[in-house]
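**Q** The structure that follows is given in the form of structure tokens.
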Amino acid sequence: MAPDPRFRSPWQSPLFVRWVAFARAVLSGLPGREDRFIDRLVTDQNARVRDFLAGRPARKVLLIMPRCVKMTGCRAAVQESLEECLACRRCPLGDVAHLCRDHGVKALVAFRSHIAFEMARTEQPDVIIASACRDRMIKALRSTPDHPALLAPLTGMRKMCLDAGLDMVWLKQQLEFVAPPAEAPDAPATPAARELPADDAPLRAAQGS
Ligand code: SF4
């Protein structure tokens, strides 16, 4: 299924993309300002995606995680399946595997950004849920502007691109919004009936507010 043409976002405008690039260049010399700017853009986009999904429950959800979440030294082939992670749980991908199993959602780990974008195009989900560093989030918004995507920054890293953390509370909230577990008692039929925070808690935390 192709992306729903009714989903509208400023990221579909080349002018907006150029404006973001210009603003980032200006803010890059000011400590923390560029991060806060990106967090604002992501919060706005997430709100847009939730509004869009409120009237159209997602049938196909794709969760994309970056490879830096995988524990250093682990040999599991997580780009193919999180099956091994179900029994392991030594890094956040174990919790991701359990959440996705409970919600009946397909999770993929992308080893490169362009692979993640290709996954989005070939899988054609109704919504993507993903965590990434800020630079990659902007790249995702630029590269797949027609795909509704709920995004959150990684919560930290042991070293550059190694052993990154995920906000599991945020992730669980998004999954409950777009794919409530079938067995949940009295689960509202549509995402519109579900309550979510007005904005993104992890972004607020990242901003230190
Ligand atoms: S949960 Fe275990 S098997 Fe899965 S990536 Fe992490 S360390 Fe490897």
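**Q** What residue, of Ser143, Ser131, Ser209, is over 28 Å from Arg6 (Cα atoms), small (Gly, Ala, Ser) and either at pLDDT 90 or above or surrounded by fewer than 15 Cβ atoms within 10 Å (Cβ to Cβ) (or both)?
**A** Numbers: Ser143 fails: over 28 Å from Arg6 (Cα atoms); Ser131 fails: over 28 Å from Arg6 (Cα atoms).
Ser209 is the lone residue from the list that is over 28 Å from Arg6 (Cα atoms), small (Gly, Ala, Ser) and either at pLDDT 90 or above or surrounded by fewer than 15 Cβ atoms within 10 Å (Cβ to Cβ) (or both).
**Q** Which residue is nearest to Ser131 (Cα to Cα), if the candidates are limited to segment 55-76 and must be over 21 Å from the mean Cα position of the chain (by Cα) and not charged (D, E, K, R)?
**A** Thr72
**Q** Does Ala54 count as surrounded by fewer than 20 Cβ atoms within 10 Å (Cβ to Cβ), more than 16 Å from the ligand (Cβ to nearest atom) and closer than 26 Å to Phe177 by Cβ?
**A** Taking the combined requirement at face value, the residue satisfies it.
**Q** Do we have any residue at all in segment 31-49 that's within 15 Å of the ligand (Cβ to nearest atom) and not in a helix (DSSP H, G or I)? If you could, list the steps in order and put the result at the bottom.
**A** Taking segment 31-49 and keeping what is within 15 Å of the ligand (Cβ to nearest atom), we get none.
No, the conditions are met nowhere in segment 31-49.
**Q** When you scan segment 71-83, how many residues do you find that are in contact with a strand residue (DSSP E or B) (Cβ under 7 Å, 6 or more places away or on another chain) and either near the ligand (Cβ under 10 Å from one of its atoms) or not in a loop (DSSP other than H, G, I, E, B) (or both)?
**A** 4
**Q** Of all residues in segment 88-107 being out of contact with any Asp or Glu (no Cβ under 8 Å at 6 or more places or on another chain) and modelled with pLDDT under 90, which is nearest to the ligand (Cβ to nearest atom)?
**A** Filtering first and then ranking leaves Ala107.
**Q** Another question about this same structure. Considering only residues of segment 62-120 that are touching a residue at least 60 places away in the same chain (Cβ under 8 Å) and surrounded by fewer than 14 Cβ atoms within 10 Å (Cβ to Cβ), which is farthest from Val169 (Cα to Cα)?
**A** Thr72
The values are calculated or read from the model by the stated rules, or taken from the named source; none is laboratory data. No experiment lies behind these values; they were computed from the predicted model shown. We place every Cβ from the backbone using ideal geometry, glycine too, and count neighbours over all the protein chains shown.
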